[in-house]
1. I need a count of the residues in the range 354-366 that are on the phi < 0 side of the Ramachandran plot and either under 19 Å from the mean Cα position of the chain (by Cα) or crowded, with 17+ Cβ neighbours inside 10 Å (or both).
2. Please determine whether any residue of the range 38-55 is at pLDDT below 95, more than 21 Å from residue 300 (Cα to Cα) and within 16 Å of the ligand (Cβ to nearest atom).
3. Kindly provide the set of residues from the range 352-381 that are in contact with a helix residue (DSSP H, G or I) (Cβ under 6 Å, 6 or more places away or on another chain) and closer than 19 Å to residue 291 by Cβ, ordered by number.
4. Quickly run through the range 149-162 and pick out the residues that are within 16 Å of the ligand (Cβ to nearest atom) and farther than 24 Å from residue 326 by Cα.
5. Anything in the range 258-284 that is crowded, with 21+ Cβ neighbours inside 10 Å, away from the ligand (no atom under 14 Å from the Cβ) and closer than 21 Å to residue 229 by Cα? List them, or say none.
6. Taking the range 21-37 as the region of interest, how many residues are touching a residue at least 60 places away in the same chain (Cβ under 8 Å) and either touching a strand residue (DSSP E or B) at 6+ places or on another chain (Cβ under 6 Å) or more than 16 Å from the ligand (Cβ to nearest atom) (or both)?
7. Out of 66, 50, report the one residue that is touching a helix residue (DSSP H, G or I) at 6+ places or on another chain (Cβ under 8 Å), under 24 Å from residue 126 (Cα atoms) and surrounded by 17 or more Cβ atoms within 10 Å (Cβ to Cβ).
8. Just name the residue that is surrounded by the fewest Cβ atoms within 10 Å (Cβ to Cβ) out of those in the range 1-28 that are touching a helix residue (DSSP H, G or I) at 6+ places or on another chain (Cβ under 8 Å) and at pLDDT below 90.
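The values are calculated or read from the model by the stated rules, or taken from the named source; none is laboratory data. Remember, it's a predicted structure, so these values are computed and weren't measured experimentally. Please note: Cβ atoms are built from the backbone with ideal geometry, for glycine as well, and neighbour counts cover all protein chains shown.
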Ligand code: MG
């Protein structure tokens, strides 16, 4: 197997929503196609990925460094013992000439290419990616359904409390049983009214999480923590800067319900620091690394092994992303659950067109690879790279 070509394109997300910190009006993502020399009927197998949501397109780094390194590597140096591409060797190749540290300078570009490679590998094996990941990293075990919650409750212009409650009802009617809403975008009294209004619809704290998107300083986070604690929410996500581990440790010492973070941690070392110094409680708090933004699936599996060695269980890991890349990982590695963003982020949100959430659970697609071919609008966008 050889990599024949790697192509990328920046695509706008086209979203008007806002969290506590910024809006998505300028947000883009990179779509990537890895073209291989293996195919059927003269059509090469192509692996696709995109760099998830929340980080801008990273094609410049890909084209300047990572794509040329892979394409000029001697093909044999990238192969496993069965003649397929070994993603770990591809990662090593892309890391040549990279200074340690400053992970997000490269982890998103590399992770997106790595993810597209896995899509191609699974298609060549004619298996859904979650089964391939299960075979490589989970002793062959995979989940046949995955808990999936809504990352919702965004701030929208002119929104009322009744609008927030209507949104909660829509998600419950669609089959979800847990919803996350934003906090930190309004004065605390108004934010708490929003949270309590959402809670009144979802029923109880275990079904509701909140996400501050790293808005707060230490004092603000402690104030929100004190106000939220009696509600016993499922988790309080990103109260402070993603690498302010001192503040996380202080919050964990005073806030009893679970905390969550990880979508802005880009390496195994970052996550190790979180659990070593951030006070994160094994079996209780929630870690949310986004696979294509943090060097891809192989690094995720290493991060998982590091966490398990420190007493963490797979059920505490909830990959960020709300897409089939995270779904394949969650099913393949038997992780806690994944996210969904109904009606947000255009073609880049969500799952296969025929996917249905039933009682809060979603079945991963049985299409070979990640399953983008089952998302008509997204796949049409990706096909522009090769048509
Ligand atoms: Mg978040």
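1. Taking the range 354-366 and keeping what is on the phi < 0 side of the Ramachandran plot, we get 354-358, 361-366.
Narrowing further to those that are either under 19 Å from the mean Cα position of the chain (by Cα) or crowded, with 17+ Cβ neighbours inside 10 Å (or both): 355, 357, 361-365.
Going through the range 354-366 one residue at a time, the tally reaches 7.
2. No, the conditions are met nowhere in the range 38-55.
3. Hits for the range 352-381 are 352, 364, 365, 367, 368, 369, 370, 371, 372, 378.
4. Just the residues of the range 149-162 that are within 16 Å of the ligand (Cβ to nearest atom), to begin with: 149-155.
155 - this is the single residue of the range 149-162 that is within 16 Å of the ligand (Cβ to nearest atom) and farther than 24 Å from residue 326 by Cα.
5. Listed by number, the residues that qualify are 278, 280.
6. Going through the range 21-37 one residue at a time, the tally reaches 8.
7. Numbers: 66 fails: under 24 Å from residue 126 (Cα atoms).
One residue alone meets the criteria, 50.
8. Let us first name the residues in the range 1-28 that are touching a helix residue (DSSP H, G or I) at 6+ places or on another chain (Cβ under 8 Å), namely 1-3, 5-6, 8-11, 13-15.
Going one step further and asking which of them are at pLDDT below 90, we end up with 13-15.
Working: 13: 21, 14: 13, 15: 20.
That would be 14.
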